[in-house]
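I am attaching a structure below and will ask some questions about it afterwards.
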Amino acid sequence: FYYFLSGVNLMRYINKIHTLGPANTNCEKAAYKWLKAKNIEGEVILHDTLEDAVETLLTNNDSKSALLGCVVYPDLHKIVFSNLDRIILYDVFIDNTYDMVLASNGKCVNELNCIASHPAPSGLILDNYPTVNVEYATSNSNAGLRCLQGEVDGCITTKAVVKTYNLKELINYGAVPMGFTVHILKER
């Protein structure tokens, strides 16, 4: 039934996933999980933004590549509706994110003046730090990197980033059941 609605060959072989980076994003985690669930030994290619990822997908015109996005990515709707003639939704699944955490670089723990966050989870900040300055990052991993480099006092990031960059975990919000979408090039 779905096949007739979408006009997509559901048996298309995908071996490359373009998604949001740098390493340790929830999108990267989900991309590897999707490949494993489909029994595919594939490659995950990380991009600064999903907009960059879809542009690469379109430029390369590789029918074996896909874009993986997160349903809460702020402009996923623009990516989809701006490219209706070129990409199509191929799959949707739910997976837990890494634990989402508020972390600091260790210099400021009690008083955070500036916190980096991707726009999607930035609402986690408001309950505990309603007056803090929030600087938007391109991903949860990028927020952690900016914290490590001292550009900001704290960040909303993933537990995996906290471990990688040896940040100080202040609040652990836990894993979040999240929707992820897989998009492929439209067959012509």
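Where Lys and Arg each count +1 and Asp and Glu each count -1, what net charge lies around K163 among other residues with Cβ under 13 Å from its Cβ?
In short, 0.
With labels modelled as points extended 7 Å from the Cα through the Cβ direction, what inter-label distance (nm, one decimal) is found for V71 paired with A37?
Computed distance between label sites V71 and A37 equals 1.2 nm.
Can you list residues from other chains, or at least 5 along the same chain, whose modelled amide H is less than 5 Å from the amide H of Y173?
M100, V101, L102
Given (i) 18.0, 60; (ii) 21.5, 75; (iii) 17.5, 57 as candidate values of Rg and Dmax of the Cα atoms in Å, which corresponds to the one derived from the coordinates?
Computed from the coordinates, Rg and Dmax of the Cα atoms in Å corresponds to (iii).
Separate question: Heavy atoms of the protein only, probe of 1.4 Å, neighbouring chains included. What is the accessible area of D99 in Å², nearest 10?
The accessible area of D99 comes to roughly 50 Å².
Evaluate the distance, in nm, between pseudo-label points positioned 7 Å from the Cα of L58 and of D127 along their respective Cα→Cβ axes.
Spacing of the two 7 Å Cα→Cβ label points: 3.8 nm.
Please give me, ordered by residue number, the GluC sites (Glu not before Pro) of the stretch 67-168 that lie in loop per DSSP and have at most 14 other Cβ atoms within 10 Å.
Here the sparse-neighbourhood loop sites are E111.
Let me cross-check V72: its accessible surface, 1.4 Å probe, with only protein heavy atoms counted, in Å² to the nearest 10?
Accessible surface of V72 is approximately 70 Å².
Sticking with this structure for a sec: Can you list which of the trypsin sites (Lys or Arg not before Pro) found in the stretch 93-165 are DSSP loop residues with at most 13 other C-beta atoms within 10 Å?
Filter output for the stretch 93-165: K107.
Would you mind checking the pairs K33/K163; K64/K163; K29/K186; K29/K64 and listing those with alpha carbons more than 28 angstrom apart?
Violating the 28 Å Cα-Cα cut-off are K64/K163.
Would you grab the residues whose amide H sits under 5 Å from the one on C70? Only those 5+ places off in sequence or on another chain, please, with H modelled 1.01 Å from N.
Residues meeting the amide H criterion: T181.
At 1.4 Å probe size, what's the solvent-accessible area of T49? Round to the nearest 10 Å².
30
Right, another one. By a straight-distance test (C-alpha under 12 Å), which aspartates and glutamates pair with K168 as possible cross-link partners, with residues fewer than eight away in the same chain excluded?
D153
What's the local net charge at D95, with K and R +1, D and E -1, over the other residues with C-beta under 10 Å away?
Summing Lys/Arg as +1 and Asp/Glu as -1 gives +2.
Taking amide H positions as placed in the peptide plane 1.01 Å from N, state which residues far from V44 in sequence (5 or more) or on other chains have amide H under 5 Å from it.
Residues meeting the criterion, in which the H sits 1.01 Å from N, are I17.
I've got another one for you. Can you list which of the GluC sites (Glu not before Pro) found in the stretch 22-90 are DSSP loop residues with at most 10 other C-beta atoms within 10 Å?
Hits after loop and neighbour filter: E41.
The values are calculated or read from the model by the stated rules, or taken from the named source; none is laboratory data. Bear in mind that the values here come from a model prediction, so they are computed numbers and not experimental data. With ideal geometry, Cβ positions are generated from the backbone for all residues, glycine too; neighbour counts draw on all protein chains shown. SASA here: full protein model, heavy atoms, side chains in, ligands and nucleic acids out. Shrake-Rupley method; radii C 1.70, N 1.55, O 1.52, S 1.80 Å.
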